[in-house]
Amino acid sequence: DAPKALEWDPENRYIKSWVFSPRSDMPENLIQSIDTAGLEDKSQKVMPDPSTWGLPYAYFAIGKDTGCSADHFKNMRIVFNLAFCGNVSGNRFFRECPKESKEFNVTNDPVLTCDAYIKSNPEALKEAYWKIKGVYVYEREFETPEKTDKGSQSQEE
C-alpha cells in the first residue's frame with residue numbers, strides 16, 4: 001500500500017526512486033500533485049518537485065562514465081510484477097503471514113519460506129491481483145537554449 005515514485009532525469013544523468021511507507025510519509029508536494037492531476041485548468045495543477053521529497057530509496061547514475069549506459073533507457077514501459085517472494089515482498093513474509101511462516105519455515109529465511117509456501121500452495125494465488133489507486137506519469141519540459149549568431153554581434157566602442 002506504499003506509494004512509489006521514480007524520477008528519470010536524462011539531462012542530469014540519474015534515476016531516483018522513493019517508497020513512501022507508511023503512506024503518511026508522502027511529501028506534501030507529491031500529495032498535491034496527485035490531488036490536482038485531473039484538473040482541466042493547467043494553472044491549478046501542482047507539478048511534482050522531487051527535490052522536496054527527501055532522500056530517495058535508490059539512486060542510479062546513468063550515462064557516459066557511469067557504468068550504466070543511457071541507451072538502455074528508451075521506449076520505457078511501466079510493468080507491474082507480481083513478485084511474491086522477492087527481496088522486498090519476501091522479507092515481509094514472516095510479519096504479514098505468521099501462520100504460513102511457521103508451517104513452511106525454511107532455515108528462518110523469509111524469502112525461502114515464502115518460496116516454499118508458494119510451491120506448496122499454487123492455488124492460493126490463482127486470483128492474485130493488484131489494487132492500484134492510480135498511475136501518474138509526468139514529463140519534464142526542457143527548454144532549448146536559443147542559438148546566438150556570434151558574427152552579428154555589434155561591438156560598441
Whether region 1-112 is rounded, prolate or oblate, judged on the alpha carbon gyration tensor where a/c under 1.5 counts as rounded: oblate
Charged-residue dipole, Cβ positions (Lys, Arg, Asp, Glu), the chain about Cα centre, Debye nearest 20: 860 debye
Nearest 10 degrees, 0 to 90: helix 110-120 Cα axis against the chain principal axis: 60 degrees
Residue-level accessible surface for T107, protein heavy atoms, 1.4 Å, Å²: 120 Å²
Residues N75 and Q44, FRET efficiency given R0 of 25 Å [Cβ-Cβ distance, rounded to 0.05]: 0.20
Heavy-atom accessible area ranking, 1.4 Å probe, most first, across I132, I118, I15: I132, I118, I15
Accessible area per residue in Å² at 1.4 Å probe, computed on the chain: 84 Å²
C-alpha center-to-center spacing [region 1-53, region 107-133] in angstrom: 30 Å
Accessible surface of the chain, 1.4 Å probe, proportion on carbon and sulfur as whole %: 50 percent
Within the chain, helix-based [θ] at 222 nm, where runs of 4 or more DSSP H residues each add -39,500 (n - 2.57), nearest 500: -5500 deg cm²/dmol
The chain, relative contact order [Cα under 8 Å, separation at least 6], %: 15 percent
Which listed pairs, of K99/K119; K16/K99; K45/K74; K16/K133; K42/K74, have C-alpha distances above 25 Å, in listed order: K16/K99; K45/K74; K42/K74
Full-extension gain in nm, F60 to K102, via 0.36 nm per residue minus C-alpha separation: 11.4 nm
Rounded accessible area of M76 (nearest 10 Å², 1.4 Å probe): 100 Å²
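The values are calculated or read from the model by the stated rules, or taken from the named source; none is laboratory data. Given the structure is predicted, the values throughout are model-derived calculations rather than measurements. Using ideal geometry, Cβ is built from the backbone for each residue, glycine included, and neighbour counts are taken over all protein chains shown. Surface accessibility is based on the protein's heavy atoms, side chains included, excluding ligands, DNA and RNA. Shrake-Rupley method; radii C 1.70, N 1.55, O 1.52, S 1.80 Å.
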